[in-house]
Ligand code: AMP
């Protein structure tokens, strides 16, 4: 099954993707994670992407399209994948249509004020990528991942100025994808203003008929 998770930053794409990986046995393909790993390794890609990411801007289409084109050829994507954070522009969606055929696009719907609250209290594990929230899903021990004992950190782009810019960028460049995929009959909305288990249950209900 080939799925896209669409939604503003903080709408729950990463959290939902991680649950779907367990249930569907297909990989999460996150351009954000791939780019962050490039930044951490100081690769050419990371060095190119960092200034855009820190400012909450989008990395150029050609860079992320190249990443995805290569990634979905890997053997683990044979039975499908969950795209998290790609596509983010119409040009990326058009390029993706030339690479593969999608089964479903899930649009995670949530208001801006909930997003700002969620992102400014989000913490991620440096080692395993687990996602926490200081208010709604805190780790048992401050700053330490429950799953692997790794260090929890706040992403640079989860600070207030970058969050506001990411929302502006989302509304301008990514929100048009809702109409794009609706017109193709691929889109289903899921209310993402609830807790993760309720959101995941709704997403799985949408995906069930696809087998
Ligand atoms: P994410 O983890 O998905 O919120 O992505 C973090 C940052 O990586 C974004 O704010 C962008 O700077 C960059 N990024 C991730 N995916 C894309 C994409 N599909 N197109 C352009 N930039 C991206």
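Report the antiparallel proportion of the DSSP beta bridges in the chain as a percent, rounded to a multiple of 5.
Numbers: 8 of 25 bridges.
Roughly 30 percent of the beta bridges in the chain run antiparallel, per DSSP.
For the range 41-162, what is the relative contact order in percent, using Cα pairs closer than 8 Å and at least 6 residues apart in sequence?
22
Find how much the distance from residue 134 to residue 78 grows on full extension, using 0.36 nm per residue of separation minus their present alpha carbon separation; answer in nm with one decimal. Spell out each step's value before the answer.
Numbers: separation 56, 0.36 × 56 = 20.16 nm, distance 3.67 nm.
Difference between extended and current length: 16.5 nm.
Taking the beta-carbon count within 10 Å as an exposure proxy, list 77, 148 from fewest neighbours to most.
148, 77
Can you compute the modelled spin-label distance between residue 126 and residue 165, with each label point 7 Å from Cα toward Cβ, in nm?
2.4
Grab the DSSP H runs of the chain that are 4 residues or longer, score each as -39,500 (n - 2.57), total them, divide by all residues and round the 222 nm result to the nearest 500 deg cm²/dmol.
Values: 9 runs with 95 residues, N = 211.
Result for the chain: -13500 deg cm²/dmol, rounded to the nearest 500.
Calculate the length of the line joining the C-alpha centroid of the range 12-70 to that of the range 98-112, in whole Å.
Between the Cα centre of the range 12-70 and that of the range 98-112, the gap is 16 Å.
Could you grab the relative contact order for the chain? Cα pairs under 8 Å, six or more apart, rounded to a whole percent.
Details: 311 pairs, mean separation 63.1, N = 211.
This gives 30 percent for the chain.
Using Cα springs under 10 Å in a Gaussian network model of the chain, which residue among 118, 71, 41 shows the largest mean-square fluctuation?
41
For the chain, rounded, prolate or oblate, judged on the Cα gyration tensor with a ≥ b ≥ c (square roots of eigenvalues), a/c < 1.5 rounded, else prolate if a/b > b/c?
Cα axes put the chain in the rounded bin.
Using 0.36 nm per residue of separation minus the Cα-Cα distance, give me the extension gain between residue 111 and residue 153 in nm, one decimal.
Numbers: separation 42, 0.36 × 42 = 15.12 nm, distance 2.46 nm.
That works out to 12.7 nm of additional length.
Would you list 140, 147, 48 from fewest to most Cβ contacts within 10 Å?
Sorted ascending by nearby Cβ count, the order is 140, 147, 48.
Taking 30 Å as R0, compute the FRET efficiency from the Cβ-Cβ separation of residue 201 and residue 100 and round it to 0.05.
Values: r = 27 Å, r/R0 = 0.90.
With a Förster radius of 30 Å, E is 0.65.
Compute the Cα gyration tensor for the range 1-91, then decide on rounded, prolate or oblate, letting a ≥ b ≥ c be the square roots of its eigenvalues: rounded whenever a/c is under 1.5, prolate when a/b is larger than b/c in the other cases, and oblate in all that remain.
prolate
Could you tell me the relative contact order of the range 75-143? Use alpha-carbon pairs under 8 Å, at least six residues apart, and round to a whole percent.
Rounded, it is 13 percent for the range 75-143.
When 69, 113 are ordered from fewest to most other Cβ atoms inside 10 Å of their Cβ, what list results? Provide the component values of the computation, followed by the final result.
Details: 69 14, 113 8.
So the ranking, lowest neighbour count to highest, is 113, 69.
Taken together, the values in this text are just the output of simple stated rules run on the coordinates, not laboratory data. Just so you know, these numbers come straight off a predicted model, no measurement behind them. In this analysis, Cβ positions are derived from the backbone assuming ideal geometry, glycine residues included, and neighbour counts consider all displayed protein chains.
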